[in-house]
Structures are given as structure tokens and as C-alpha cells.
Amino acid sequence: MALSLAAMPFESRSSGPDVSFSSDAMVRGGLILLRVQGCESDDVQVVWMGKEIPLVRDREGTLRHGFLAADLNREPGVYPVAVRDPSSGFEKYFELRVNDRDYGVRKIRLPRAKVEPDEASLRRVKAEALAVNALWKAECRPPEWEGSFWMPVNNEIVGAFGQRSIINKKKRSPHTGVDIRGKTGAPVRVSNSGTVVLAADHFFTGKSVYVDHGSCIFSMYFHLDQIRVEEGEQIEKGGILGSVGATGRAAGPHLHWGVQINGARVNPLMLIELSRELDP
């Protein structure tokens with residue numbers, strides 16, 4: 001049940017739409033579903049952590065919804081959400097808490113060349129990082145996604161989101177997606193409709209596909225054996241974008257699936273769970 005925070009603002013001005021949240025708290029790397037109902041204006045704004053949150057109308061046009069995300073490295077604390085309708089003068093503030101969470105540790109052994117790249121490989125890694133970072137700097141596209149997000153491979157999770165990584169006994173960056181077990185060549189399906197904005201073979205992530213779903217929601221599919229889509233291609237929810245593999249820095253065949261929302265790296269499984277509420 002959605003938790004309405006309408007009685008909890010620390011500042012408000014004027015009557016206005018009904019604002020509700022799926023929770024009043026999340027963990028770092030987590031999500032909260034926001035709903036705004038009863039506002040006819042198209043100018044309604046939601047600001048969270050210094051960014052305007054894209055809102056999507058439902059099919060009837062009476063309800064807007066969006067996701068508030070806390071990056072995996074976000075400091076715990078209480079953060080304000082501002083909801084405004086400039087046309088009516090409505091303005092209301094809410095407080096949401098970001099809690100810490102211990103996601104645990106994963107220990108992996110890999111060939112040294114995949115962990116400590118040589119100078120040529122480092123130049124390649126830096127160029128690939130620039131191409132990926134350019135995606136996050138682009139303006140939000142109109143929404144192409146609709147309803148719930150789906151698992152790209154229906155199989156066991158073998159690498160959990162957020163785990164601190166120790167590779168060859170050295171500390172590395174935390175795990176920013178989930179690893180899903182799969183056999184080499186098994187189909188990988190896009191989690192929701194969107195546009196392929198990057199399809200490439202990268203040093204660490206192997207054959208990789210990045211999909212922009214609009215509303216500043218991206219999904220990423222790594223270590224593919226084959227890529228079956230091209231950059232600029234629109235793909236419908238459930239469409240095959242590639243196959244499971246072990247390319248890049250991988251100990252064996254699996255799919256690394258990641259999601260980024262409004263610049264925050266979040267647990268894809270939480271997106272699946274919350275987005276189910278948006279199905280008719």
C-alpha cells in the first residue's frame with residue numbers, strides 16, 4: 001500500500017494534487033515510486049537530490065508517476081523532495097530517508113590481464129569510459145517504457161547487487177548490477193521498450209548493450225556472447241538483444257544486468273518489484 005506523506009511536509013503553500021510514495025525510506029541503491037494525482041497542469045515539477053524527476057502519465061491521463069533513486073554510494077540521511085505546480089502556486093516539501101545497507105562481499109579470481117590491464121588496454125578502457133559517460137550527460141528522452149520491467153533472463157541470481165568486490169585478493173569497485181546464471185547462447189531480452197544507444201565490445205564488460213528507455217532510465221547488458229541489435233534501433237519489451245556469454249572480465253557465462261535512473265545506480269530487482277504496481 002502506498003504511504004501518503006501529505007501530512008508530513010516541512011513546508012507547504014496552497015492546496016494542490018495528492019502526492020504519495022511507496023515508502024518513506026529506501027536503502028542506498030534503492031528506489032521509491034512516486035505518484036501525483038489530481039493535477040491537470042503539465043507544469044508539475046518534482047525535484048529530488050538537485051534533479052528534476054521525469055513524470056509519466058498513465059493511460060487515463062489522471063495519474064503521474066516517477067521513480068526517486070538513491071545511488072549505491074549515496075550517503076545515508078534525510079533528503080527533501082519538492083513538488084511544485086508553478087501555474088497554481090502549489091508547493092510542498094517532503095522528507096525521505098536513505099538508509100545504509102551492508103550488501104556483503106564477493107570474492108573472485110580472474111586472469112591477471114583482465115584485472116591489471118597493460119598501457120594499451122588502459123587507453124582502451126579510458127576511451128570506452130568516455131563513450132559510456134556521454135550517455136549519462138545527455139538530456140532525458142521522452143518515455144518509451146510502459147508498465148512493469150521484466151527480467152532479461154529468467155534464471156538464478158548468482159551475483160547480488162551492491163556487493164563489495166575483492167578480485168584476486170584486491171578491493172575493487174562494488175557490484176553495480178546483478179549477475180544472472182545462463183548458458184552460453186541463451187537469449188537475453190530487453191527489460192522494457194527503449195532505444196539502443198550503445199552496442200560495443202568493451203574491455204571489462206565484454207560485448208555490451210545499453211538501452212535508453214526514456215525518462216532518464218537506462219538498462220545495461222554485459223558479457224554477451226553475441227549482440228543482435230544495432231545502435232539507434234528501437235526494441236520492444238521482451239525483444240531479444242543478444243545472448244548470454246562470458247566476454248570481457250567474466251569468470252564464466254552469465255548476464256550482468258544493470259539499471260541507472262536519473263544518474264543513480266540502483267538494484268534492478270527493486271525496479272522490477274516497484275514497476276509491477278504500474279501494470280493495469
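The values are calculated or read from the model by the stated rules, or taken from the named source; none is laboratory data. Just so it is clear, the model here is predicted, and its values are computed rather than measured. Because the Cβ atoms are built from the backbone with ideal geometry, glycine has one as well, and the counts that use them run over all protein chains shown.
Summary table
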item	result
Cβ-Cβ under 6 Å pairs, at least 6 apart or on other chains, region 74-92 side under 11 Å from Cys39 (Cβ atoms), far side basic (Lys, Arg)	Val83/Lys92
Pairs with Cβ under 7 Å, 6+ apart, first in region 23-40 and in the same structural domain as His65 (by TED's automatic domain parsing) and free of Cβ contacts under 8 Å to residues at least 40 places away in the same chain, second polar (S, T, N, Q) and surrounded by fewer than 21 Cβ atoms within 10 Å (Cβ to Cβ)	Arg35/Ser20; Gln37/Thr62
All positions within region 30-43 that are part of a loop (DSSP other than H, G, I, E, B) and under 24 Å from Phe218 (Cβ atoms)	Gly30
Single match in Ala127, Ala120, Ala131 (criterion: out of contact with any Phe, Trp or Tyr (no Cβ under 9 Å at 6 or more places or on another chain), in contact (Cβ under 8 Å) with a residue 40 or more places away in the chain and either closer than 21 Å to Ala200 by Cβ or not assigned by TED's automatic domain parsing to the domain that holds Gly194 (or both))	Ala131
Hits in region 105-122 (condition: modelled with pLDDT of 90 or more and surrounded by 12 or more Cβ atoms within 10 Å (Cβ to Cβ))	Ser121, Leu122
Leading residue by the ranking (nearest to His65 (Cα to Cα)) among those in region 223-245 that are in contact with a Phe, Trp or Tyr (Cβ under 8 Å, 6 or more places away or on another chain) and either crowded, with 20+ Cβ neighbours inside 10 Å or of a type in the set (A, V, I, L, M) (or both)	Leu241
Strands (runs of 3 or more DSSP E) wholly inside region 160-250 that include at least 3 residues being touching a residue at least 12 places away in the same chain (Cβ under 8 Å)	164-167, 177-181, 187-189, 194-202, 206-212, 217-224, 240-243
Unmet requirement for Asp102, which otherwise passes all of (1) free of Cβ contacts under 8 Å to residues at least 40 places away in the same chain; (2) surrounded by fewer than 16 Cβ atoms within 10 Å (Cβ to Cβ); (3) more than 21 Å from the chain's Cα centre (by Cα)	(3)
